[in-house]
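Quick notes on the structure that follows.
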């Protein structure tokens, strides 16, 4: 036999159940998109070093960073103070490329491995004869497997014989071949230093 008290109690229980169900379903709806889109890192390393070897066991290139953080959703690795060394066929005088920040994009079916560098990028190479090349720019994209680098930012190339500045550059590093580009604000300018006088 239902009394007014039983009816009120039953109604309250039903209201609490409906409200609880609504809150749980709404929470699931709000959480689901965030769960799908999250890209939390799954790996980080301090003072990391990655070395790539050729089929014959020779070092091809080396990537070092004070901190390396991998993000699985995008399969991208962030690099703090990266340092890229390209050995190619001349391990005694490799290219060394440094920057404040960078990221590593792995090899895929559509592209080779890429290292993107930015903030205070400096690429250097020197040999025992005293010859050197310094490349300075704001950002640089490096293809370590091809010994190739490019930038669409203003670039300065200094050597023992002079300096070249340009709006952008494609550099075939191992060959020592550079293609420079200009724009309305930055022409390709080469300045030659005076030849050293010998006594």
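The values are calculated or read from the model by the stated rules, or taken from the named source; none is laboratory data. Everything numeric here is computed off the predicted structure, so don't read it as measured data. Every residue, glycine among them, receives a Cβ derived from its backbone with ideal geometry; neighbour counts consider all protein chains shown.
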Selection status of residue 179, touching a strand residue (DSSP E or B) at 6+ places or on another chain (Cβ under 9 Å) and over 26 Å from residue 66 (Cα atoms): yes
Any idea which of 82, 144 is in contact (Cβ under 8 Å) with a residue 60 or more places away in the chain, crowded, with 17+ Cβ neighbours inside 10 Å and under 15 Å from the mean Cα position of the chain (by Cα)? 144
Going by what's in this entry, would residue 112 be described as closer than 25 Å to residue 81 by Cα and part of a loop (DSSP other than H, G, I, E, B)? yes
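Kindly establish whether residue 135 is under 23 Å from residue 60 (Cα atoms) and either in a strand (DSSP E or B) or more than 25 Å from the chain's Cα centre (by Cα) (or both).
Considered against the rule, which asks whether it is under 23 Å from residue 60 (Cα atoms) and either in a strand (DSSP E or B) or more than 25 Å from the chain's Cα centre (by Cα) (or both), residue 135 comes out as yes.
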Among residues belonging to segment 161-184 that are within 17 Å of residue 138 (Cα to Cα) and in a loop (DSSP other than H, G, I, E, B), point out the one that is modelled with the highest pLDDT. 167
